[in-house]
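Trainee: Below is one structure. I have some questions about it.
The values are calculated or read from the model by the stated rules, or taken from the named source; none is laboratory data. Note that this is a predicted model, so its numbers are computed, not measured. Note that each Cβ is placed from the backbone with ideal geometry, even for glycine, and that neighbours are counted across all protein chains shown. Remember, those area values only see protein heavy atoms, side chains included, never the ligands or the DNA or RNA. Shrake-Rupley method; radii C 1.70, N 1.55, O 1.52, S 1.80 Å.
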Amino acid sequence: MSDQATADQLAIRRLNADYCDAILRRDAEAWGATWADDASWILMGEPTQGRDNIVAQWLATMEGFPVVFHQVTNEQIDISGDTATQRVYLNEELITADQQALRFVGVYNDECIRTPQGWRYASRRFGVLYQGPGALIADGWMGYPA
């Protein structure tokens, strides 16, 4: 693998890590920065177009989940010049607004683009592989440390 290919792989893995970190910290600005301006997001079959609309949709969705533990694994990244596709698996545990524990296991199918600011999501489609009771207990969650 060339130095550029290695650097691109690492940069896209960092993009995925930044996305998860922003979710855990509930940082809409940092989360929004992972998206291209004209990106598309398909969440649970519902498409949203454009970074501002995507961030607004994310904020509305997050209102229903006061606790979210979001992690990705098994990043399969294929790069071709200034574009890339990837398949990334998700494990997410949540606590709903009514204090119910919920778990999602799913897969992201993504298109990424190189921008002057670095790699960004151009398209992100999430598919559910499992949805059911979660292992988190509401009283045990301490939140992100200050």
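Trainee: Just to confirm the number: angle between the C-alpha axis of helix 51-62 and the first principal axis of the chain, 0 to 90 degrees, nearest 10?
Mentor: 20
Trainee: While we're here: Compute the length gained on full extension between Gln131 and Ala28: take 0.36 nm times their separation in residues and subtract their Cα-Cα distance, giving the result in nm to one decimal.
Mentor: 34.6 nm
Trainee: So, one more: Putting +1 on Lys and Arg Cβ atoms and -1 on Asp and Glu Cβ atoms, find which of Leu43, Phe69, Val55 reaches farthest to the positive end of the dipole of the chain.
Mentor: So the residue furthest toward the plus end is Phe69.
Trainee: Turning to a different aspect of this structure: Would you please classify the overall shape of region 37-95 from the alpha carbon gyration tensor, given that a ≥ b ≥ c denote the square roots of the eigenvalues, rounded means a/c under 1.5, and beyond that prolate means a/b larger than b/c while oblate covers the rest? Mind showing how you got there, number by number?
Mentor: Numbers: a/c = 2.75, a/b = 1.28, b/c = 2.15.
Judged from the Cα gyration tensor, region 37-95 comes out oblate (a/c at least 1.5, b/c at or above a/b).
Trainee: Report, to the nearest 10°, how far helix 3-25 tilts away from the longest principal axis of the Cα atoms in the chain, using its own Cα long axis and a range of 0 to 90°.
Mentor: That works out to roughly 20 degrees.
Trainee: Obtain the nm distance between the two label points defined at Asn53 and Ala11 by a simple spin-label model: each point lies 7 Å from its Cα along the Cα-to-C-beta direction.
Mentor: Roughly 2.8 nm, to one decimal.
Trainee: What percent do you get for the relative contact order of the chain when only Cα pairs under 8 Å and 6+ apart count? Can you show the working numbers first?
Mentor: On the way: 277 pairs, mean separation 32.0, N = 146.
It rounds to 22 percent for the chain.
Trainee: Just the number please: accessible area per residue for the chain, 1.4 Å probe, all protein chains included, in Å². Intermediate values should be presented prior to the final figure.
Mentor: Working: 8200 Å² over 146 residues.
For the chain, the solvent-accessible area averages 56 Å² per residue.
Trainee: So what does the Cα-only Debye profile of region 56-137 read at q = 0.12, 0.13, 0.24 Å⁻¹, as log10 I(q)/I(0), no solvent term?
Mentor: The Cα Debye sum returns log10 ratios of -0.44, -0.50, -1.12.
Trainee: How much of the accessible area of the chain, probe 1.4 Å, is carbon plus sulfur, in whole percent?
Mentor: Values: 4160 of 8200 Å².
Of the solvent-accessible surface of the chain, carbon and sulfur hold 51 percent.
Trainee: Mind giving me the nanometre distance, one decimal, between the label points for Leu43 and Ile113, set 7 Å out from Cα along Cα→Cβ?
Mentor: Result: 2.1 nm between the two label points.
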